[in-house]
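Asks: Here you go, one structure.
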Amino acid sequence: DPEKPLIVEVTLGDLSPDDLAYFADKVEVGVGAEAGQNWLTIRLAVSQSPVDPERSDISRAFVKPMVEDIPANREDLKVIGWSYLPASRSPDRDLGMGRTSAVRSLLHAIALNPAEVTALRTALESLSSTLDGSPSLAALRKTLAESLSSLYPEPVATDDLTIDLPTTTIDDPLADVDVRLRRDGSEGPLSAQSDGLRSLSVVAVQLLANDEARILAVDEPEIHLHPRSQSNLAGLLARAPGQRIVATHAPAVLAKFDPEHAIALSAAGGSQLPEAAFTGDPKRLQHWWVDGALEPLTARRVVFVEGISDRILTLAVGRLLDLHLDRNGVAVVSLNGAGNFKPALRLFGARGFGLSVLGLVDENETHIIAKALSIADSETELDAENFLVCHADLEEEYVNALGVADVVAMLVGSGLFTQTGLLTATAAPTVADISPADLSAHLRSNKVEAAAALAAGLSAAQAQSLSKLVKLLARATAP
């Protein structure tokens with residue numbers, strides 16, 4: 001709501017003696033049950049500018065009962081130890097030698113001992129002498145001096161020009177020192193490496209350059225990185241000292257952090273996994289808290305299906321009906337068996353991260369979902385929770401909806417089945433003699449192949465006849 005400000009209020013505890021001294025007039029002191037505790041409360045408020053709707057007005061202030069809010073300045077944030085790496089971070093800027101470069105900050109933080117300073121000064125003087133004495137560079141200086149003399153008000157002599165390192169001086173011997181990386185027999189600066197290496201290098205250098213930062217926020221650390229590199233970087237951030245606030249869309253990053261530290265954000269707000277969600281069941285948690293299983297946390301809505309074949313057909317119907325599941329933020333997740341509905345709902349449903357969850361379930365498995373949701377095992381109750389029931393399963397649903405002849409035509413047309421094989425399996429002399437029940441029973445033993453064949457052969461009109469899938473996807477993609 002643009003009429004309302006975005007407000008973030010944070011409590012900072014574990015204050016050191018230096019913190020207490022610096023923030024003496026802003027610290028809250030606990031009494032009663034909180035006696036002996038001290039903390040700071042700081043509030044960020046972002047509102048739409050009354051002058052320019054395209055601009056945001058931002059304010060930061062310390063909040064303390066019975067005291068007027070005290071504005072927080074840059075020095076306050078520096079003492080707190082706050083550092084931020086935005087998604088728009090630039091490897092060229094952070095790894096180059098500009099004034100705000102992280103590499104330059106890292107090098108400037110080095111305290112050289114007197115012997116090192118003397119050695120570097122001697123080397124710089126030697127380099128300057130060598131450059132001055134070079135005949136080739138002397139010829140260049142002469143030519144350049146003549147050219148400048150023709151343009152400047154006063155003549156320029158050859159000796160008025162020197163060729164040296166841009167800003168390195170005797171007093172600042174590391175001003176133009178660069179960090180170079182040797183790989184595969186060649187050497188180059190960090191800023192000239194591949195996008196992935198530069199992205200990793202930016203975070204690594206920033207962690208070192210800002211080693212005093214007690215709170216480091218990183219937006220989208222996965223940018224430009226292969227999934228395994230994402231996981232590696234996330235592991236570094238998770239293990240690094242201090243606090244890390246990471247905004248990510250990558251399951252490979254999320255999986256490296258403890259579940260209780262994750263917050264799923266959506267237009268509806270934020271949700272956090274209750275501490276009791278997996279109490280006493282660490283094995284189940286470790287089974288699910290892996291990057292391959294965490295895709296739902298990046299979705300607006302999640303559709304759970306029992307197996308791969310259900311997912312294949314669900315995606316095919318969504319594509320044929322132009323429902324644009326990815327664009328609508330809908331993840332269709334195969335659980336590899338109805339037994340996994342319970343932990344999936346525990347992790348992602350109302351008692352977990354609170355995501356909007358829908359599902360498709362076979363008739364003889366409804367009791368699993370009913371128990372997980374604490375509802376009656378009835379189709380009406382399940383439908384109210386957006387879980388639709390297939391009678392008896394999806395194979396029987398699509399055979400009855402499409403008809404035996406059309407299903408057989410698609411199966412044979414895919415090349416995955418033969419008409420002879422289908423007739424033999426169903427003990428029927430002709431296709432017209434195959435009963436829906438017999439064909440459904442055979443396809444249950446070949447679920448994935450049958451689903452792949454139908455996904456390739458279905459028309460949009462045929463997809464419309466798969467009423468359970470159409471109803472499920474309509475709900476999933478509704479505004």
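Asks: Give, as residue ranges, the helices (runs of 4 or more DSSP H) completely inside the stretch 319-399 that count at least 3 residues that are modelled with pLDDT under 95 and within 30 Å of Ala461 (Cβ to Cβ).
Replies: In the stretch 319-399, there are no helices (runs of 4 or more DSSP H) which contain 3 or more residues that are modelled with pLDDT under 95 and within 30 Å of Ala461 (Cβ to Cβ).
Asks: Related question: Please enumerate the residues belonging to the stretch 20-40 that are outside any loop (DSSP other than H, G, I, E, B), surrounded by 11 or more Cβ atoms within 10 Å (Cβ to Cβ) and of a type outside the set (A, V, I, L, M, F, W, C).
Replies: Residues satisfying the conditions are Tyr22, Glu28, Glu34, Asn38.
Asks: Please tell me if Ser229 is in contact (Cβ under 8 Å) with a residue 40 or more places away in the chain, in contact with a Gly (Cβ under 9 Å, 6 or more places away or on another chain) and open to solvent by 20 Å² or more (accessible area, probe 1.4 Å).
Replies: Criteria not met by Ser229.
Asks: Go through the stretch 380-394 and give me each residue that's charged (D, E, K, R) and open to solvent by 60 Å² or more (accessible area, probe 1.4 Å). Even if it seems obvious, please write down each step before you answer.
Replies: Filtering the stretch 380-394 for residues charged (D, E, K, R) gives 381, 383, 385, 393.
Residues satisfying the conditions are Glu381, Glu385.
Asks: Can you name the condition, by its number, that Glu295 falls short on among (1) over 30 Å from Tyr398 (Cα atoms); (2) under 15 Å from the mean Cα position of the chain (by Cα); (3) at pLDDT below 90?
Replies: (1)
Asks: For the condition under 30 Å from Val202 (Cβ atoms), open to solvent by 20 Å² or more (accessible area, probe 1.4 Å) and not in a strand (DSSP E or B), what is the one hit in His287, His249?
Replies: His249
Asks: Can we say Val389 is under 17 Å from Val431 (Cα atoms) and aliphatic (A, V, I, L, M)?
Replies: no
Asks: If you don't mind, there's one more thing I want to ask. Within the stretch 349-379, take every residue that is closer than 17 Å to Ala277 by Cα and β-branched (Val, Ile, Thr) and give me the one that is least open to solvent (accessible area, probe 1.4 Å).
Replies: Ile369
Asks: Of the conditions (1) among the charged types (D, E, K, R); (2) open to solvent by less than 40 Å² (accessible area, probe 1.4 Å); (3) modelled with pLDDT of 80 or more, Arg89 fails just one. Which one is it?
Replies: (3)
Every residue, every condition in (1) open to solvent by less than 90 Å² (accessible area, probe 1.4 Å); (2) within 30 Å of Leu107 (Cβ to Cβ); (3) at pLDDT 80 or above, yes or no:
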residue	(1), (2), (3)
Thr122	yes, yes, yes
Ser126	yes, yes, yes
Pro135	no, no, yes
Ala145	yes, no, yes
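Asks: Here's another thing I want to ask about it. Evaluate the stretch 402-425: report whether one residue or more is in a helix (DSSP H, G or I), under 42 Å from the mean Cα position of the chain (by Cα) and of a type in the set (S, T, N, Q).
Replies: Checked against the condition, which is being in a helix (DSSP H, G or I), under 42 Å from the mean Cα position of the chain (by Cα) and of a type in the set (S, T, N, Q), the stretch 402-425 yields no hits at all.
Asks: Has the stretch 451-471 got at least one residue that is within 21 Å of Arg319 (Cβ to Cβ) and without any contact (Cβ under 8 Å) to a residue 24 or more places away in the chain? Before you say what the answer is, go through the steps one by one.
Replies: In the first step, residues of the stretch 451-471 are kept if they are within 21 Å of Arg319 (Cβ to Cβ); the result is 451-471.
When the remaining residues are screened for being without any contact (Cβ under 8 Å) to a residue 24 or more places away in the chain, the result is 461.
Scanning the stretch 451-471, I find at least one residue that is within 21 Å of Arg319 (Cβ to Cβ) and without any contact (Cβ under 8 Å) to a residue 24 or more places away in the chain, so the answer is yes.
Asks: Please verify whether Val317 is of a type in the set (A, V, I, L, M) and either without any contact (Cβ under 8 Å) to a residue 12 or more places away in the chain or closer than 19 Å to Arg444 by Cβ (or both), treating the condition exactly as stated.
Replies: Against the criterion (of a type in the set (A, V, I, L, M) and either without any contact (Cβ under 8 Å) to a residue 12 or more places away in the chain or closer than 19 Å to Arg444 by Cβ (or both)), Val317 does not qualify.
Asks: Out of all the residues in the stretch 113-135, which are in a helix (DSSP H, G or I) and among the small types (Gly, Ala, Ser)? Talk me through it step by step, then tell me what you get.
Replies: Of the residues in the stretch 113-135, the ones in a helix (DSSP H, G or I) are 114-133, 135.
Hits for the stretch 113-135 are Ala115, Ala119, Ala123, Ser126, Ser128, Ser129, Gly133.
Asks: Which of the residues that make up the stretch 1-19 are among the hydrophobic types (A, V, I, L, M, F, W, C) and open to solvent by 70 Å² or more (accessible area, probe 1.4 Å)?
Replies: Result: Leu6, Ile7.
Asks: Continuing with the same structure: Suppose we keep only residues that are assigned to a strand (DSSP E or B) and touching a residue at least 24 places away in the same chain (Cβ under 8 Å) within the stretch 48-75. Which one would you say is surrounded by the most Cβ atoms within 10 Å (Cβ to Cβ)? First the steps, then the outcome.
Replies: Of the stretch 48-75, the ones assigned to a strand (DSSP E or B) are 48, 56-64, 67-71.
Next cut, touching a residue at least 24 places away in the same chain (Cβ under 8 Å) only: 48, 62-64, 69-70.
Working: Gln48: 17, Phe62: 20, Val63: 17, Lys64: 15, Asp69: 14, Ile70: 15.
Result: Phe62.
Asks: Of the numbered conditions (1) open to solvent by 70 Å² or more (accessible area, probe 1.4 Å); (2) of a type outside the set (A, V, I, L, M, F, W, C); (3) more than 29 Å from Leu294 (Cα to Cα), Ser440 satisfies every one except a single condition; which is it?
Replies: For Ser440, the exception is condition (1).
Asks: Oh, and also: Could you please find all residues in the stretch 396-437 being touching a residue at least 60 places away in the same chain (Cβ under 8 Å), in contact with a Ser or Thr (Cβ under 7 Å, 6 or more places away or on another chain) and open to solvent by less than 40 Å² (accessible area, probe 1.4 Å)?
Replies: Selection gives Leu402 alone.
Asks: Out of (1) open to solvent by less than 60 Å² (accessible area, probe 1.4 Å); (2) not in a helix (DSSP H, G or I), what's the single condition that is false for Val79?
Replies: (2)
Asks: Okay, next question. Can you pull out the residues in the stretch 252-278 that are assigned to a loop (DSSP other than H, G, I, E, B), at pLDDT below 90 and open to solvent by less than 50 Å² (accessible area, probe 1.4 Å)?
Replies: Ala255, Phe257, Leu273, Ala277, Phe278
Asks: Working only within the stretch 30-66, note down all residues that are β-branched (Val, Ile, Thr) and either at pLDDT 90 or above or closer than 22 Å to Leu6 by Cβ (or both). Spell out the reasoning first.
Replies: In the first step, residues of the stretch 30-66 are kept if they are β-branched (Val, Ile, Thr); the result is 31, 41-42, 46, 51, 58, 63.
Correct list: Thr41, Ile42, Val46, Val51, Ile58, Val63.
Asks: What's the number of the condition Ala461 fails, among (1) surrounded by 15 or more Cβ atoms within 10 Å (Cβ to Cβ); (2) more than 19 Å from Phe341 (Cβ to Cβ)?
Replies: That leaves (1) as the condition not met.
The values are calculated or read from the model by the stated rules, or taken from the named source; none is laboratory data. Only a predicted model underlies this, so the values are computations on that prediction, with no experimental measurement involved. Glycine also receives a Cβ, built like all others from the backbone with ideal geometry; neighbour counts cover every protein chain displayed. Each accessible area value is taken on the protein alone, full model and side chains, heavy atoms only, with ligands, DNA and RNA left out. Shrake-Rupley method; radii C 1.70, N 1.55, O 1.52, S 1.80 Å.
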